Structure formats: structure tokens, C-alpha cells
């Protein structure tokens, strides 16, 4: 654990009674870091809120329309995080050594925060610790299993299929981080709705595959006739 991460982690522990908001914590991380900031420093500072916080952080890029194939890159970290939520024996996120030490430009991180933190702050006005019964690891595992389903949906190359599930996962992450059962429940509900929608669309597309291959010779004949 880096000295920076330990320092922030101690400050988070000392201010736990104040229930520092996730947006404030991310801002604090960026302002206290140097030219670069590592994933390990973020994970160390988030401590027992790391699962929810990392869900929010990696959901942010998926909240905008993405070109085909981008979700393979941006959705994979969400699958990694949700899988650990569901099946890891640890209470916090575990990062392989290379990921833990992976650093990126703090100015770029700050620019992302400048874009998304105002929306987080608006949401946090309505988010507070309430109706929370998830103080057990088993409860978090159930949430992680559902989050894994949404993460897989985001990972799949479905046009515009990333935004809805990413929004649901972001709400779930905020609910986990702030211990807000209502926000978590809304995220689960939105996620369930989009899972049904994406599942139905995927099923309809799958049904069209045999029809497409059946019509392929006709398409080919029409193509040949057009140029003959």
C-alpha cells in the first residue's frame, strides 16, 4: 500500500463519522496526488467502500454513447469488479500487482471528474445513509451477482446497450458507497428493466440469424444480377 493511499485511507477513517461523499473523496484524491495517480491509491483510499466506488468510477465512461467495440475495453473492468463482489472472500477489491501500480495522468483524471462530479453532487443531495440492511458480506454477494449480469450486458457489443445498465450500476455503486438502500433499490430496479429489454432485443436478433443465412443466397443472386 502506498504512503499516499495509507494517508488518504487514515483521513477517510478519521472522517468516517462525517460520511464523506464519494464526489468529495474523489476530488480529495485528485487534489492530493501528484502528476500521476494509481489504481492502487484509489482502492486503498476507498477502503471498505471500494466495490461501490470502483463501480461508479468505471461506469462513468459507459454513460455516453460509445462506438462499436469500445465496450469490450470499458466493460471488462466492471465484469472484474462485479465478479469479485459476488465471489471474492475479501471485503475490499483486490487488484493484481500490475493493476495496483498502474498509474495514469492526474490531469486527465481531474478532467473526467470536472465533467461528471457535478452530476454526482446533484445526485448526492438526495443520497444519504437510510434503510440499509447490507452490513453482511452475503448481502453484498447477492448484489454483486446481479451487478455481474449487468456488467456482462455492458460488455457485449450491443448498440447503445451500455448506457442503461451502466446508469443502473452507477446508482447501485452510489447506494453501496453511501449505504443508501433506496438508491441501491432504484438501481436494481432500473437494471432489471434494462436486462429484460436487452435480453428481448438479443433474443429477437438471435431469431433472425437463421433467416439471414436462409436469405443469403437470394441476396447474393441479387448482387450478381445488379452488376451483370
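Summary of computed values
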read-out: Residue check for residue 77: out of contact with any strand residue (DSSP E or B) (no Cβ under 6 Å at 6 or more places or on another chain) and exposed (fewer than 14 other Cβ atoms within 10 Å of the Cβ); value: no
read-out: Filter result (more than 17 Å from the chain's Cα centre (by Cα), surrounded by fewer than 17 Cβ atoms within 10 Å (Cβ to Cβ) and closer than 18 Å to residue 168 by Cβ) within the range 108-130; value: 122, 126
read-out: Any hit, the range 5-19, residues being within 22 Å of residue 185 (Cα to Cα) and either surrounded by 15 or more Cβ atoms within 10 Å (Cβ to Cβ) or modelled with pLDDT under 80 (or both); value: yes
read-out: Every pair of residues 6+ apart whose Cβ atoms lie under 6 Å, when the first sits in the range 198-213 and is surrounded by 10 or more Cβ atoms within 10 Å (Cβ to Cβ) while the second is modelled with pLDDT under 75 and not in a helix (DSSP H, G or I); value: 198/161
read-out: Tabulated pairs, the range 179-197, first free of Cβ contacts under 8 Å to residues at least 12 places away in the same chain and on the phi > 0 side of the Ramachandran plot, second in a helix (DSSP H, G or I) and surrounded by fewer than 19 Cβ atoms within 10 Å (Cβ to Cβ), C-beta under 8 angstrom, 6+ apart or interchain; value: none
read-out: Selected residue (criterion: farthest from residue 108 (Cα to Cα)) from residues of the range 27-38 that are surrounded by 16 or more Cβ atoms within 10 Å (Cβ to Cβ) and at pLDDT 85 or above; value: 28
read-out: Residue match in the range 144-164 (condition: surrounded by fewer than 12 Cβ atoms within 10 Å (Cβ to Cβ) and modelled with pLDDT under 75); value: yes
read-out: Residue selected from the range 27-41 under the condition more than 15 Å from the chain's Cα centre (by Cα) and part of a helix (DSSP H, G or I), by the criterion farthest from residue 121 (Cα to Cα); value: 40
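The values are calculated or read from the model by the stated rules, or taken from the named source; none is laboratory data. Given the structure is predicted, the values throughout are model-derived calculations rather than measurements. Neighbour counts are summed over all protein chains in view; Cβ atoms, including those assigned to glycine, are modelled from backbone coordinates with ideal geometry.
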